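Encoded as structure tokens, the structure appears first; notes follow it.
The values are calculated or read from the model by the stated rules, or taken from the named source; none is laboratory data. From a predicted model like this one, the values you see are computed outputs, not experimental measurements. Cβ atoms come from the backbone with ideal geometry, glycine included; neighbour counts cover every protein chain shown. Areas reflect the complete protein model, heavy atoms only, side chains present, ligands, DNA and RNA absent. Shrake-Rupley method; radii C 1.70, N 1.55, O 1.52, S 1.80 Å.
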Amino acid sequence: MLRALLRPTALAVLLATAAVAQTIPTPDDFAGFPIGSDGNLLRWERIVEYFGILDRESDRVLVREMGKTHNGNPFILATISSPENMARLDAIQATQKRIAYPKGLTEEEIEGIAENSPAVVLVSCNIHATEIGASQMAVEIAHRLATDESAWTRRILDNVVFLLIPSFNPDGQVMVTDWNNRVRGTEHVWASLPYLYHPYIGHDNNRDAYMMTQPESRYGNRILFQEWFPQVYVDEHQQGNSGMRVFVPPFANPINPNVDPAIWAQAGKIGFAMYQALHEAGIEGVGYDQRYTGWWQGGFLRGAWFHNIVGMLTEVASANLASPVFQEKAELGKRRASSGRTSWYDEREKNPEAPMPPPTDVMPRYDYPRPWLGGKWTLRHIIDSELAITTALLESAADQRRRLIRSQIQMGLDAIAAGKQGDPWACLFHPEQHDPEALYRLLEVLEYCGVIVERAEAEFRAEGRNWPKGTYVIRMAQPFRAYAKDLLEPQDHPDPGMMPPGKMADQPYDSTAWTLPLQMGVETVVANKPFEAELERLGSIPAPAGKWNGKGKAGTLIAAGPNRLATLINRLHREGAAPFLLRKRAKGAPAGSLYVGAEQPAQLEQWVRELGLSATAVDKTPGAAAKLEPVRVALYRPWTASMDEGWTRWLLEQYEFPFTPLFDADIRAGKLRERWDVLLLPGDRSDSQLIRGADRASTPEEYRGGLGEEGRRAIREFVAQGGRLVVWHDGVEFAQKTFELPLRNALRATPRSQFSCPGCFLRVQVDREHPIGFGMEPEATAVFDDDAAFEPLPAFSYVDFDVVARYPSDDLLQSGWMRGEAHLSQLIAAAQVEYRRGSVVLIAFRPQFRAQPHGTFKLLFNAIHTAGFTMER
Ligand SMILES: [Zn+2]
């Protein structure tokens, strides 16, 4: 859109749009096939091309590239509104910021804003790339809004600024489209994508919302919390394909008490408008108030709740990518007896059109009035459902424009008032922390998402102690108080027993804990009462600067503690330097501190400074130092899309570990010890998943089969010959079956009714004198996700293994929800077991879970590096 041509007369607008409609092809003409037809998908570069046409040819559409993805695809945002609104976008954006930060607005100003501003609505599509329908719907809705001359469309455009992210995951859109094009119409049509649908993190990309490790996450949150602060944000997903066709809000119990209830009121209202539109479009099987809860923090639309934005989730039943699925019919209100057929999963291998068993949820009720009864379901059905959802959203926002804006302002004002009341009044962060990078990242992710972070310009007193200049303070009297509070305080998940019967699921939907200071190992103090301090608001958080205190006669000692010490070790090894680690505490430095002799790479000082490390000069060689040889690291990558593998790969790259991915064939070929010193297994694969891999007939030959027993033997031989295997979470099971370990997982036989812990935070005690615990705090937070806990087998004594970390005897739960805490008391959380000439490191939980728990990264980093103490080749 050319901004210079705006503000034409009404007649000119009419003439211009009439001309425009001819130059913009319909999506079907552009694609060369009907959008949504069986088997067909528009690939990302074509979608971008189409939006480029709309941008050029329509004065209602502006398309902007937010930046590139990992694979170099453009991440785009389309802004769609009336030409009049498009001409004053900057002013609208400025008003949106004022609405989001409403401090000091008078009633008159509020009324003026509400009266004169359009509602801003954001829709994002396709974050989970196999949920492909919305990326196609985006083209159709944009075409309609750009070309339609009806009164309905004009009213929408006049009253709404519509922001559209056609794909939140363009790299994945490309991968899924290519896979679809390969398997459609073949015997492979039911084969799963053999790799993640994102270069690193697959389905977890939505779980990256608050930590923002990936570029797409940054683009999304920038649109939401820096640039636009929309009144409503809808993230359009797809769900499984056998039951409910469409979920729209209201959300299910429990709800998060930090979220302003006005969010639930608005989400319910718009959700019911969506429901009605779906009903009118003849779409059956629409449900609400089930499965998807209002409690969890961790996805983009959920993060919106805590920013006074009406975040909404919609879920439409999936087809088989772009190919249709068939389902046997059920009768309303009657559950069919099992037909005694063999599994549908086996049947569809022979006949891709074999129908699924009929739906079982067929009883009409208030929250599911017209149950889905089976039949054919196609990509076109998905797109039609999403069009109904999106148009209902736009209509609701246009109708309720004034109320939505007023409500958002009120939520911000109420949050500021609540913060002034105290309890909590502020969170304080001492500038000196165990790991300066963790503090920096914690503050940076909050600040990026609109939280006001301040720094003390002078010493002050609070909570009965003195705080130095440079202390960071997050005061709660701010519009996004809920976001800061929710991410800084421990989570207290509602007890199902406190709810009326049937009002809450027995198990939480996802993780139940996300407290940033705990998982990142950052110390914070909560001030419940006001205090006086000279505070300055920071535009951005300064990265930690390292401390260089020269080089002594014998060289330099660099303190253990920061995770970035691992990066320094990797850089020294890369330069051919031979650093040493202190095996015991010496010269006031903890075990695990790094000693570099007088012959040093010229860049050492610069590295120490840029990595935020702390170096002191030493004149005598520390006695307890042991040489650390570089190790050759391999990371196993299964052909079954492992997110844990992706996260591990991403983290290793961030800390500059050199490593090589190994696939099934590489491992099955054996002779691993000749090439590798350390082998890492992703933690989200059970023993049988590792051994069998993808083994259905529909899997293309080159991806079939896993490690096999051959691979197990090769790994056993690798360790026997002096290699180190590092496993965590589910990988522990593989290690137990492969080696005769003196430890077993004590939780394996414990029933769920007695022990359950779906993503909570637990205290663990770490032996910092053990090489794998080097540089850690004596107490760390384990992100525990139905993980393991070891106990020694009776036949073995403690001589056979080293305990690195242990669950304490009581008071384990730090944040979130768990059942059966006593089952973990005193059990082992991490251990090193010797096996022949090598070793196996077992970590019961995931030390690098979604690259979030900075407080336990070191278990992984040390397990890799300290293998270099004794390496013989
Ligand atoms: Zn999804």
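Summed over the range 523-553, the residues that are among the aliphatic types (A, V, I, L, M) and out of contact with any strand residue (DSSP E or B) (no Cβ under 7 Å at 6 or more places or on another chain) give a count of 3. Against the numbered list (1) modelled with pLDDT under 95; (2) hydroxyl-bearing (Ser, Thr, Tyr); (3) closer than 23 Å to PHE168 by Cβ, THR69 comes up short only at (1). Go through the range 165-212 and give me each residue that's away from the ligand (no atom under 15 Å from the Cβ) and either touching a Cys at 6+ places or on another chain (Cβ under 6 Å) or closer than 17 Å to LYS68 by Cα (or both). Matches in the range 165-212: PRO166, PRO170, ASP171, VAL174, MET175, PRO199, TYR200, MET212. Taking first residues from the range 73-84 that are on the phi < 0 side of the Ramachandran plot and partners that are surrounded by fewer than 21 Cβ atoms within 10 Å (Cβ to Cβ) and small (Gly, Ala, Ser), the Cβ contacts under 7 Å between residues at least 6 apart in sequence or on separate chains come to PHE75/GLY67. The listed residues are ASN253, ASN258, and the only one of them that is open to solvent by 10 Å² or more (accessible area, probe 1.4 Å), away from the ligand (no atom under 16 Å from the Cβ) and within 21 Å of ASP367 (Cα to Cα) turns out to be ASN253. With the condition kept exactly as written, say whether any residue in the range 828-835 is of a type in the set (Phe, Trp, Tyr), touching a residue at least 24 places away in the same chain (Cβ under 8 Å), within 26 Å of ARG748 (Cα to Cα) and in a loop (DSSP other than H, G, I, E, B). Within the range 828-835 (the criterion being of a type in the set (Phe, Trp, Tyr), touching a residue at least 24 places away in the same chain (Cβ under 8 Å), within 26 Å of ARG748 (Cα to Cα) and in a loop (DSSP other than H, G, I, E, B)), the answer is no, since none of the residues qualifies. Considering (1) modelled with pLDDT under 95; (2) under 28 Å from the mean Cα position of the chain (by Cα), the lone condition that GLU779 does not fulfil carries the number (1). Give the residue that is farthest from PHE857 (Cα to Cα), with candidates limited to residues of the range 504-528 that are modelled with pLDDT of 80 or more and open to solvent by 60 Å² or more (accessible area, probe 1.4 Å). It comes out as ASN528.
Just checking, how many residues over the range 140-163 are hydrophobic (A, V, I, L, M, F, W, C) and surrounded by fewer than 24 Cβ atoms within 10 Å (Cβ to Cβ)? Total meeting the criteria: 3. THR314 falls short on exactly one of the conditions (1) under 26 Å from ASN126 (Cβ atoms); (2) polar (S, T, N, Q); (3) free of Cβ contacts under 8 Å to residues at least 12 places away in the same chain, and that condition is (3). Residues in the range 618-635 that are out of contact with any Lys or Arg (no Cβ under 9 Å at 6 or more places or on another chain) and open to solvent by less than 10 Å² (accessible area, probe 1.4 Å): LEU628, VAL633.
One line per residue, one yes/no per condition, for (1) surrounded by fewer than 22 Cβ atoms within 10 Å (Cβ to Cβ); (2) modelled with pLDDT of 90 or more; (3) within 27 Å of GLY693 (Cα to Cα); (4) in contact with a helix residue (DSSP H, G or I) (Cβ under 7 Å, 6 or more places away or on another chain):
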site	(1), (2), (3), (4)
PHE734	no, yes, yes, yes
ARG744	yes, no, yes, yes
HIS770	yes, yes, no, no
ASP811	yes, yes, no, no
GLN826	yes, yes, no, no
VAL840	no, yes, yes, yes
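Is it the case, given these coordinates, that PHE162 is within 30 Å of HIS70 (Cα to Cα) and more than 16 Å from the ligand (Cβ to nearest atom)? Considered against the rule, which asks whether it is within 30 Å of HIS70 (Cα to Cα) and more than 16 Å from the ligand (Cβ to nearest atom), PHE162 comes out as yes. Close contacts from the range 492-510, counting a first residue that is free of Cβ contacts under 8 Å to residues at least 60 places away in the same chain and a second that is open to solvent by less than 70 Å² (accessible area, probe 1.4 Å) and assigned to a loop (DSSP other than H, G, I, E, B), with Cβ to Cβ under 6 Å and a gap of 6+ residues or different chains, come to PRO496/MET504. Residues that are open to solvent by 30 Å² or more (accessible area, probe 1.4 Å) and closer than 30 Å to ASN528 by Cα number at least 1 in the following helices (runs of 4 or more DSSP H) confined to the range 332-446: 401-420. PRO661 passes every criterion in (1) at pLDDT 95 or above; (2) surrounded by fewer than 19 Cβ atoms within 10 Å (Cβ to Cβ); (3) more than 25 Å from PHE857 (Cβ to Cβ) apart from (3). On the given criteria, is ARG46 under 21 Å from THR390 (Cβ atoms), among the charged types (D, E, K, R) and more than 16 Å from the ligand (Cβ to nearest atom)? Judged against the criteria, ARG46 is a match.
Within the range 80-95, being under 16 Å from ARG401 (Cα atoms) and either of a type in the set (S, T, N, Q) or surrounded by fewer than 16 Cβ atoms within 10 Å (Cβ to Cβ) (or both) holds for SER81, SER82, ASN85, GLN93, THR95.
Conditions tested, residue by residue: (1) among the aromatic types (Phe, Trp, Tyr); (2) in contact with a strand residue (DSSP E or B) (Cβ under 6 Å, 6 or more places away or on another chain); (3) exposed (fewer than 14 other Cβ atoms within 10 Å of the Cβ); (4) at pLDDT 95 or above.
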residue: PRO562; (1), (2), (3), (4): no, no, no, yes
residue: ARG571; (1), (2), (3), (4): no, no, no, yes
residue: ALA586; (1), (2), (3), (4): no, no, no, no
residue: SER593; (1), (2), (3), (4): no, yes, no, yes
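Scanning the range 214-241 for residues that are polar (S, T, N, Q) and open to solvent by 20 Å² or more (accessible area, probe 1.4 Å) turns up GLN226, ASN241.
With the structure loaded, tell me whether TRP639 is open to solvent by 10 Å² or more (accessible area, probe 1.4 Å), under 30 Å from the mean Cα position of the chain (by Cα) and touching a residue at least 60 places away in the same chain (Cβ under 8 Å) or whether it fails that test. So TRP639 passes the test.
So PHE168 fits all but one of (1) surrounded by fewer than 24 Cβ atoms within 10 Å (Cβ to Cβ); (2) touching a Ser or Thr at 6+ places or on another chain (Cβ under 6 Å); (3) in a loop (DSSP other than H, G, I, E, B); what number is the exception? Failing condition for PHE168: (1). So which of ILE127, ILE92 ends up being part of a loop (DSSP other than H, G, I, E, B) and either under 20 Å from VAL61 (Cα atoms) or within 16 Å of the ligand (Cβ to nearest atom) (or both)? Criteria check complete, one pass: ILE127. One residue stands out among those in the range 221-235 that are part of a strand (DSSP E or B) and under 18 Å from GLY298 (Cβ atoms): the one that is farthest from the ligand (Cβ to nearest atom), which is TYR233. Among residues of the range 205-217 that are part of a loop (DSSP other than H, G, I, E, B), those with a Cβ under 7 angstrom from a residue that is within 14 Å of the ligand (Cβ to nearest atom) and among the aliphatic types (A, V, I, L, M), sequence gap 6+ or separate chain, pair up as GLN214/ILE201. Buried (at least 19 other Cβ atoms within 10 Å of the Cβ), within 16 Å of the ligand (Cβ to nearest atom) and under 29 Å from ASP148 (Cβ atoms) - does that describe any residue in the range 96-112? Looking through the range 96-112, none of the residues is buried (at least 19 other Cβ atoms within 10 Å of the Cβ), within 16 Å of the ligand (Cβ to nearest atom) and under 29 Å from ASP148 (Cβ atoms). Looking only at the range 3-20, decide whether some residue is more than 29 Å from the chain's Cα centre (by Cα) and at pLDDT 95 or above. No: the range 3-20 contains no residue that is more than 29 Å from the chain's Cα centre (by Cα) and at pLDDT 95 or above.
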